[in-house]
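Worksheet: the structure to be examined is printed underneath.
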Amino acid sequence: MKHLILVFIAVFNLNSFAQHSGKKLLKEVSDKVNGYENISIDFKYVLENTSENIKQETRGDVVLQGDKYKLNILGVTRLFDGKTLYNISPEDEEVTISTKKDDDEDLIAPSKMLSFYENGYTSTMDILQDVKGRKIQYVKLIPIDSNSDIKYILLGIDSQTKHIYNLIQIGKNGTKTTLTVNSFKTNEPLSKSLFNFDTNKYKDYYINKLD
């Protein structure tokens, strides 16, 4: 019985250390991100569900500055100027305008891409991997909300730079979504009009105002 109690104590201490270490690493990542004036990311996005025989792969890029962002993915541009969100679809020749920022559980929601882990999840240290000479430390995030469609998320962090390398989201429906950062640039010179919506460019588009 004494040995069994010692095992329980050891496991509890390891779990506590993993949770503390996970929170500490995430805090370091958050502090690093918040220290930049702007961030430009080029990424690969893969969605898989083997039971449904689904595999979608695409690339995208996003520029973030404070609350503002410009995201390009799947042929659509999502532009947020700090107050209004514009979804621009050249294929449909349509612009959808709303004051809503993002879907709460959208993996690539730009305003949450580098900070979503700060609230709503419990975190523990997971595996450490060597990826092309880079040490990637994974932190496992489990939603506090039991009704969430997300089973868990693995957040891969470059141990040296404290930048996010990739994000693997496992859904309760078996869907696996992976976002891998190909390039991460900071404090780039940006055009003052980058986040502004120019109505003159879309005179022939259908304008759909949601609110």
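Of the residues making up segment 83-95, at least one is polar (S, T, N, Q) and touching a Lys or Arg at 6+ places or on another chain (Cβ under 8 Å). Among the residues making up segment 77-105, a single one is small (Gly, Ala, Ser) and at pLDDT 95 or above: SER89. Here is a check on your reading of the model: is ASP126 in a strand (DSSP E or B) and surrounded by fewer than 19 Cβ atoms within 10 Å (Cβ to Cβ)? So ASP126 passes the test.
Counting only strands (runs of 3 or more DSSP E) that sit completely within segment 157-211, those holding 3 or more residues that are under 19 Å from ASP130 (Cα atoms) and either touching a residue at least 24 places away in the same chain (Cβ under 8 Å) or not hydrophobic (A, V, I, L, M, F, W, C) (or both) correspond to 164-171, 176-186. Could you please let me know if SER111 is touching a Lys or Arg at 6+ places or on another chain (Cβ under 7 Å), open to solvent by 30 Å² or more (accessible area, probe 1.4 Å) and at pLDDT below 90? Criteria met by SER111. Suppose we keep only residues that are among the β-branched types (Val, Ile, Thr) and modelled with pLDDT under 90 within segment 33-58. Which one would you say is surrounded by the most Cβ atoms within 10 Å (Cβ to Cβ)? The extreme case among them is VAL33.
The values are calculated or read from the model by the stated rules, or taken from the named source; none is laboratory data. What you are looking at is a predicted structure, and each value in this text was computed from that prediction instead of being measured. Cβ: placed from backbone, ideal geometry, glycine included. Neighbour counts: every protein chain shown. Just the protein is used for accessible areas: all its heavy atoms, side chains included, with ligands, DNA and RNA removed. Shrake-Rupley method; radii C 1.70, N 1.55, O 1.52, S 1.80 Å.
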